[in-house]
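Here is the structure we will look at, set down as structure tokens.
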Amino acid sequence: MNIAIVGAGFSGLATCYHLLQSGKCQKVTLFDRQGIGSGASGMAAGLVHPYGGTKAKLSYHAEAALTQTLKLLQPASQAEQVALFTGILRPCTTHEQREHFSHCCHTDTEWWDEHKVQKTIPNLNLLPALYIRSGIAVHTMRYLQGLWKACQKMGATLEIRAIQSLKELAAFDHVISCTGAYAETIMETENLGIKKLKGQILQLEWPQDLAPLALPLISDGYLVASDKPGFCYAGATFEREFSSEVPDRKKAEEEIRKKVKAFSPLYSELAFVDCKAGLRGYTKNKLPLIARLSQKEWAISGLGSKGLLYHAWVAKLTCKAILDNTLDHIPCELCYDNELMTPF
């Protein structure tokens, strides 16, 4: 079987890996207009954990999804470390968070009082927090490059080329669109209803005389150490209305520094280094989308801000559907069957 994948971000590379790993696919060709991780995947902060929202409830199929992400981190880590498994801290910056987080009873979470938090991160405001042991900080570009190398070893190839219609790749046995927020740029996926969200993050300088950040922090905003010593990333904006995809430093600093200040005024004053922006695609029900467009055309999209949590699981479901020629493995709430006109 010879398969084409359009898009070389999280879902595209995960799909490529699972297809080749199955032993039922002889060749996979990736097509991307700019290259590996050139979109929102490459600029993602890399914080992944199973508990979302202000109530820290278990996200949809989070345990299965996190398990698949952990499995993909292994082949991507052959050359260098791509993730830190020290956990993630969710400081309570609002009364609502304090109320809900303090009553969490997940097996891999702990309620930390203000004193334990400050002992771990001395510069933090006097805040209690929810510690998530299963939280992972992924160095996203390292991960994407490592996963791509694993795919290359199994025979995958990459073409830097923009695709406007999946019919351009009709010579392949199957074609899978993994274009995220850019689904509308491809004729066959433009009507899937994928909405766009612009997200910006800041790269800031971490002073040498400041103790390293012991754990990634995430609340309304987030702060995480960079894979490069002496820097960190802070985020993020969630812009549903925007006129340009390019970074807007003024807007990013105004919104993000305010969020980081809730952790500590000291962190909000870190020196500016860079501002990055990317577009995420999301669906009406805020869940990933797997679409069968025809017997040989497929699409994965709508992973939104949970791309790292869901990409490996959704890719595996899609690969199984293609190789077994059935949609039975895919939860109905994720599935869009164009031939049956089934909405997501």
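Details
- 3J(HN,Hα) couplings calculated from phi for region 27-32 with the Karplus curve 6.51 cos²θ - 1.76 cosθ + 1.60 (θ = phi - 60°) are, in sequence order, 8, 10, 10, 8, 10, 8 Hz; Gly and Pro show x.
- Full-extension gain in nm, Ala271 to Phe231, via 0.36 nm per residue minus C-alpha separation: 13.4 nm
- Relative contact order of the chain, taken over Cα pairs closer than 8 Å and 6 or more residues apart, is 23 percent.
- When each of the peptides 146-157, 244-255, 291-302 is scored by how many other beta carbons lie within 10 Å of its residues on average, the order from highest to lowest is 291-302, 146-157, 244-255.
- One decimal place: the segment Lys27-Thr94 gains 19.0 nm when fully extended, by the rule 0.36 nm per residue minus the C-alpha distance.
- One Cα centroid belongs to region 1-59, the other to region 86-131; the line between them spans 31 Å.
- The fraction of accessible area contributed by carbon and sulfur in region 177-248 is 50 percent, rounded to a whole number (1.4 Å probe; ligands and nucleic acids excluded).
- Percent of Cα-Cα distances greater than 23 Å, calculated over region 1-139: 48 percent
- Taking other residues whose beta carbon is less than 12 angstrom from the beta carbon of Lys167, and scoring Lys, Arg as +1 and Asp, Glu as -1, yields -2.
- Dividing the summed -39500 (n - 2.57) terms of all DSSP H runs of n ≥ 4 by the residue count of the chain sets its mean residue ellipticity at 222 nm at -8000 deg cm²/dmol.
- Computed P(r) (all Cα pairs; region 59-193; 10 Å bins; percent): 10, 24, 26, 22, 13, 4, 0
- Region 65-72 - phi-based ³J(HN,Hα) in whole Hz, Karplus 6.51/-1.76/1.60, Gly and Pro as x: 5, 5, 4, 5, 4, 4, 5, 6
- For Phe231, the residues whose amide H sits under 5 Å from its own are Trp206, Ser226, ignoring neighbours fewer than 5 places away on the same chain, with H placed 1.01 Å from N.
- The chain shape via C-alpha gyration tensor axes, a/c threshold 1.5: prolate
- Label positions at Lys119 and Thr67, each projected 7 Å from the Cα along the C-beta direction, are separated by 3.5 nm.
- Overall form of region 221-338 per C-alpha gyration tensor (a/c, 1.5; a/b vs b/c): prolate
- Computed Kirkwood radius, in angstrom, where 1/r is averaged over Cα pairs of region 210-254: 12.4 Å
The values are calculated or read from the model by the stated rules, or taken from the named source; none is laboratory data. If you're wondering where the values come from, they're calculated on a predicted model, not measured in any experiment. Here the Cβ is made from the backbone with ideal geometry for all residues, glycine too, and neighbour counts use every protein chain on show. Only protein heavy atoms, including side chains, enter the accessible area calculation; ligands, DNA and RNA are left aside. Shrake-Rupley method; radii C 1.70, N 1.55, O 1.52, S 1.80 Å.
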